[in-house]
Each structure stands twice: as C-alpha cells, then as structure tokens.
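Okay, so here's the structure we're looking at.
Every read-out reported here was derived from the displayed coordinates using simple, explicitly stated rules and does not represent laboratory data. Small disclaimer: the values here were computed from a predicted structure and weren't measured. No Cβ is skipped: glycine too gets one built from the backbone with ideal geometry, and neighbour counts run over all protein chains shown.
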Amino acid sequence: MIRAARALPLLLVLPALLTACGTEKARSGPEPAASGSGRAAAGSSREPASAAPGQAEMDERLRALGIAPELVYVTEVPGFTLAQQSIGVNGDDGFSVAYWAKNGSVLHLYAERGSAADCPQDHVCRAPAKGQVVRLYGEKVAPDVLRRAADALHRPTPGELVPLLPSPRTATAPVQRGDLPPNGDGAPDNSVPGSG
C-alpha cells in the first residue's frame, strides 16, 4: 500500500508531463545491415549499424537508472505507441512506462516486486514470475484493451531496449572552469572585471 501511495502523486502529474513533453514515438531500432557484409542495406544513406549490445550491457544500463533488469516488461497494443519519456523507476527498483493513443488514451504499465493478489480493482494484473507483479491501468482505455495488453506482456530483447533507454554515458575529462581560484576552498570568483 505504501508503494501505491508513493506512485499516486506521479499518476496525477503524468498526464501533464506526457502532454508537456510531446508525443515523439520510440524509434524502432537500428537499421539492419545487409546480410554477409558490414555495409548498410542497399539504397540506405545511413552509416553501417553497429552490433547490438548484449543482455549484460543492457542490464548494466538499466541498473544505472535504478531499475532491476528482471522487472522490465513491455507490451504491444494496436493503436498505442510507447512514450519514451515516460520510462522510469517504479517503487524501489521496479519499472514503469506509458503508451499513448492519438485519441488521448493512456495505458500505464508498472512492474514491481509483489503479488497479483493485491491488484487494485481498476487494474489488470499479471504475475509473470514468482515475486513479480505487472499492473496495467488505463485512462480512457476499455477493459478489453487492458486485457489484451496484459496478454501481450513480455520481457524485451536487448534489441527492443536499445531505442528505449538513454545512451550510455561515456567517460570524459573534467570541465576546466576559469572562475576557480588556484588556492583556497575553491569557491568561484564572481567578481565582475572593471568594477570596484
């Protein structure tokens, strides 16, 4: 019940965030390379596709976001598109994502540790593995659409995750700041040249 209470403020703000953030669609992944060569498919002006990351790399990227890889589930529902900006953590280390339709309907998917026995009345819940529960809830979504979404739940492949997750951060050199004194506590020098 505590997790549901923590999620309530997010549920109230999510429609506004989805509206404010736009409705860009998730990319469908990198273009496949022509078989037997490292070049892009004939007629494509894109650069050659790099090898898709493996499961270990994708799991590492999920953990960096605070999401337990085993709690990541996605679904497919005709007419609904995954809202990439909605991907995030649910509860302690669960996963949440929203799907939108052009008619304004929003389908929410929450995966976390727990049991389907505690399923709220207006949700459709599935227990895909012991100790895991996936809850689906809709705004202006018919009950049969929720059930179809629940029936289509699956663990994403690394290839499905690539377009959903932010790019991995690469190590860079520290930014050199010109306003830090060479000695002392390192407080910035905010003096304006020519004043005083």
Can you give the local net charge around residue 133? Use residues other than it whose beta-carbon is closer than 9 angstrom to its beta-carbon, Lys and Arg +1, Asp and Glu -1. +1
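Report the full-extension gain for the segment residue 139 to residue 76: residue separation times 0.36 nm, less the Cα-Cα distance, to one decimal in nm. Don't skip to the answer; put the middle values down first.
Values: separation 63, 0.36 × 63 = 22.68 nm, distance 1.66 nm.
Between residue 139 and residue 76, full extension yields an extra 21.0 nm.
Can you give the local net charge around residue 74? Use residues other than it whose beta-carbon is closer than 12 angstrom to its beta-carbon, Lys and Arg +1, Asp and Glu -1. Mind dumping the intermediate values first?
Numbers: positive: 155; negative: 76, 160.
Charge balance near residue 74 sits at -1.
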So what's the net charge close to residue 155: Lys and Arg +1, Asp and Glu -1, counting the other residues with Cβ under 14 Å from its Cβ? -3
Taking the Cα of residue 152, stepping 7 Å toward and past its beta carbon, and measuring to each backbone N in the stretch 110-146: which are under 12 Å? 145-146
Say each of residue 130 and residue 103 gets a label point 7 Å from the Cα, pointing the same way as Cα to Cβ; how far apart are those two points in nm? 4.2 nm
